[in-house]
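The values are calculated or read from the model by the stated rules, or taken from the named source; none is laboratory data. Since we're looking at a predicted model, the values are computed, not measured. We place every Cβ from the backbone using ideal geometry, glycine too, and count neighbours over all the protein chains shown. We work out accessible area using only protein heavy atoms, side chains counted, and drop any ligands, DNA or RNA first. Shrake-Rupley method; radii C 1.70, N 1.55, O 1.52, S 1.80 Å.
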Amino acid sequence: MSIEIRNIEKRFGNFTALDNVSLKVESGELLALLGPSGCGKTTLLRIIAGLEQPDAGQVLFSGADTTHTHVSERQVGFVFQHYALFRHMTVFDNVAFGLSVRPRKLRPSREEIRERVMKLLKMVQLDWLADAYPAQLSGGQRQRIALARSLAVEPSVLLLDEPFGALDAKVRKDLRRWLRDLHHQMHITSVFVTHDQEEALEVSDRVVVMDHGHIEQIGRPDDIYENPATPFVTRFLGDVNLFHGRVDGGHFTHGNFAHALDDGAQAASDSAVAYVRPHDLDISRLAGGALATGSIEHIHAVGPLVRIEVAPDSGDAIEVALSKDRYRELGLMLGDKVFVTPKKLSVFVGAQDYAI
Amino acid sequence: MTFLAKRYSVLPGFGVSLGYAIFWLGLIVLLPLAALILKSSELGWGPFWETVSAPRVVASLQLSFGTAALAALINCVMGFLVAWVLVRYRFPGKRFVDALVDLPFALPTAVAGIALTTIYAPNGWLGQYLEPLGLKVAFTPTGIVIALIFVSLPFVVRTVQPVLEDLEGELEEAATCLGADRWQIFRRVIFPATLPALMTGSAMAFARATGEFGSVIFIAGNIPLVSEIAPLIIISKLEQYDYLGATAVAVVMLMLSFSVLFAINLLQWWTSRRHGMK
């Protein structure tokens with residue numbers, strides 16, 4: 001089932017949570033809503049679920065207007081950040097809840113319910129915990145039960161609100177992968193909310209980056225990462241170095257250094273910012289093609305990449321990530337005077353500094 | 001001996017504070033109870049049985065426990081409703097109503113008794129309209145039940161209220177998403193979650209009501225075999241210097257109260273086990 005969101009507006013008092021948001025979720029895709037807290041992503045998810053009513057705009061499920069359809073009739077599965085399991089029920093009863101509250105005519109028989117619940121519990125690999133109570137489970141187990149519970153009613157849409165937000169790093173990673181595999185098996189249209197860019201980029205088919213109640217960019221994870229559309233997206237998706245300068249005649253000028261731009265059509269401007277990720281920077285002993293110069297202030301050589309901080313004469317320290325081989329080849333030492341060369345940079349003209 | 005094993009704690013004074021707590025409980029609670037049982041044992045089994053099986057005593061015990069149970073049951077329903085309204089809705093004067101719930105705690109029970117009698121007496125504010133309808137409240141067991149409802153209401157409200165407040169809205173949203181209607185959400189999600197608190201509150205209300213004296217004696221009329229409560233029997237025996245007879249009745253009350261509380265605690269233990277908390 002596809003979901004279409006048309007010109008949704010939502011205000012809480014003076015605060016605009018969603019400002020004219022439109023979005024289409026294709027049938028069977030796994031879409032991530034990514035953004036900092038307060039960007040409106042959870043509100044949007046709750047509006048899709050019907051837990052919140054928009055002030056204006058429409059929600060369409062498979063082309064049919066569902067804006068005013070009650071939650072219980074939308075056939076959505078909703079997974080909460082804090083699980084929202086029923087504490088007084090066993091794991092089995094939690095998963096069976098959706099089936100057991102159906103009107104008598106539509107309710108499956110006891111045996112059928114039992115069979116379906118056990119099948120779901122096997123799928124989330126927790127069938128051995130059927131008789132346990134939520135209080136006896138770990139966070140990761142609880143969230144898997146919550147997911148099984150929402151899938152029991154065979155929803156046409158699965159919505160997840162920061163599903164891994166309350167879990168620790170290791171469990172998060174396992175569950176992430178597991179959710180992606182599960183989605184591959186079931187192909188149910190899914191939308192999940194997260195503020196963790198790594199999670200969004202790893203799990204989803206497409207990512208929607210949001211900020212201040214509007215959509216900044218929609219695209220495939222690799223596309224968004226490689227070609228961020230706005231300074232905000234660039235900064236939100238990972239560590240980035242900023243170089244303030246000017247654009248004219250197909251060159252970006254920063255201090256005494258100029259760098260030719262691939263995109264020669266960039267409008268000339270006196271205030272431009274170049275964004276370069278640490279791993280898109282190289283260090284050189286020569287000035288050719290450089291963007292800045294400075295002395296090496298710090299070397300952090302743990303892990304697959306060597307992180308080097310270069311302190312320029314003025315401005316913030318520049319962070320460079322080099323491969324181990326390149327680092328050895330250069331034979332860098334603390335205090336060395338070096339040049340920083342960009343392999344790839346995104347220039348935004350007339351952009352103000354975005355704080356995240 | 002894991003039972004007495006001392007666990008390491010950052011807070012010192014486990015031994016001292018435990019010892020003091022037990023000493024205090026013993027002094028305040030157990031000592032008088034022990035004295036009571038000891039005193040009544042002076043009576044001997046035959047006279048003891050004779051005293052407590054007298055029709056007036058039996059009737060008064062039945063009345064005391066029957067009315068207390070009824071009052072607790074009514075408060076169980078109405079107290080839950082009051083707590084529900086106080087937690088769920090916003091309305092003008094909510095804080096005032098909230099404070100009002102504690103009034104029975106604070107008010108001297110004799111004052112409550114006089115006030116209730118003034119209202120429900122045959123010539124009282126409400127009594128004069130109820131009398132022609134054949135409803136006698138004051139000087140009947142009905143009046144006793146009303147007085148007991150009054151004094152024990154806060155127990156239910158104040159135990160259920162925090163539990164309802166702590167209930168996450170997400171539980172209801174989850175249930176709605178799964179297709180449950182409002183009644184199903186209440187019956188299958190909210191009510192079971194508050195049940196342990198409701199039982200605790202009702203048990204306390206019952207315990208309070210069985211021992212209530214001040215507010216009841218005014219409205220009860222104290223007619224032997226009809227509206228005479230057990231605590232009053234004890235008082236009247238004391239007034240006739242029948243100390244042993246008084247303690248005998250007191251011991252029976254103690255035993256009954258104790259077994260009722262014990263049964264309720266068992267029930268609570270069972271529900272909390274079901275909730276997977278232990």
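Quick look at the numbers
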item	result
With Cα atoms, 0 to 90° folded angle of helix A:139-151 axis to chain A main axis	60 degrees
Around A:ASP55: net Lys/Arg minus Asp/Glu count, Cβ-Cβ under 9 Å	+1
Accessible area in the full protein assembly, largest first, 1.4 Å probe, for A:LYS324, A:LYS24, A:LYS119, A:LYS105	A:LYS105, A:LYS119, A:LYS24, A:LYS324
Set A:LYS41/A:LYS170; A:LYS10/A:LYS344; B:LYS94/B:LYS136 screened for pairs whose C-alpha atoms are more than 30 Å apart	A:LYS10/A:LYS344; B:LYS94/B:LYS136
Mean Cβ neighbour count within 10 Å, used as a protection proxy, ranking B:91-104, B:221-234, A:238-251 highest first	B:221-234, A:238-251, B:91-104
Burial order of peptide ranges A:218-231, A:154-167 (average beta-carbon count within 10 Å, highest first)	A:154-167, A:218-231
Inter-chain shielding of B:163-169 (mean C-beta neighbours from other protein chains, 10 Å cut-off)	1
Calculated [θ] (222 nm, deg cm²/dmol) that DSSP helices of n ≥ 4 give over the protein assembly as shown, each run adding -39,500 (n - 2.57)	-14500 deg cm²/dmol
Karplus-derived HN-Hα couplings along the range A:299-312 (A = 6.51, B = -1.76, C = 1.60, θ = phi - 60°), whole Hz, x at Gly and Pro	10, 10, 9, 8, x, x, 10, 9, 9, 10, 9, 10, 8, x
Efficiency of FRET between B:GLU42 and B:TRP269 - r from beta-carbon atoms, R0 35 angstrom, step 0.05	0.45
Part-to-part distance (alpha-carbon centres) for the range A:20-87 and the range B:188-235, which is given in Å	50 Å
Anisotropy class of chain B from Cα gyration tensor, a/c 1.5 cut	oblate
Three-way shape label, the range B:28-92, alpha-carbon gyration tensor, a/c 1.5	oblate
Relative contact order (%) - criterion: Cα under 8 Å, at least six apart; region: the range A:43-191	30 percent
DSSP H segments from chain B that extend 27 Å or more along their own axis, Cα-based, with Kyte-Doolittle mean of 0.5 or above	B:55-88, B:141-166, B:191-211, B:243-274
Helix A:91-100 vs. chain A, principal-axis angle (Cα, 0 to 90°, nearest 10)	70 degrees
Crossing angle, helix A:169-186 versus chain A [Cα axis fit, 0-90 degrees, rounded to tens]	60 degrees
Charge sum, other residues only, whose C-beta stays under 10 Å from B:ALA68's C-beta, Lys/Arg counted +1 and Asp/Glu -1	0
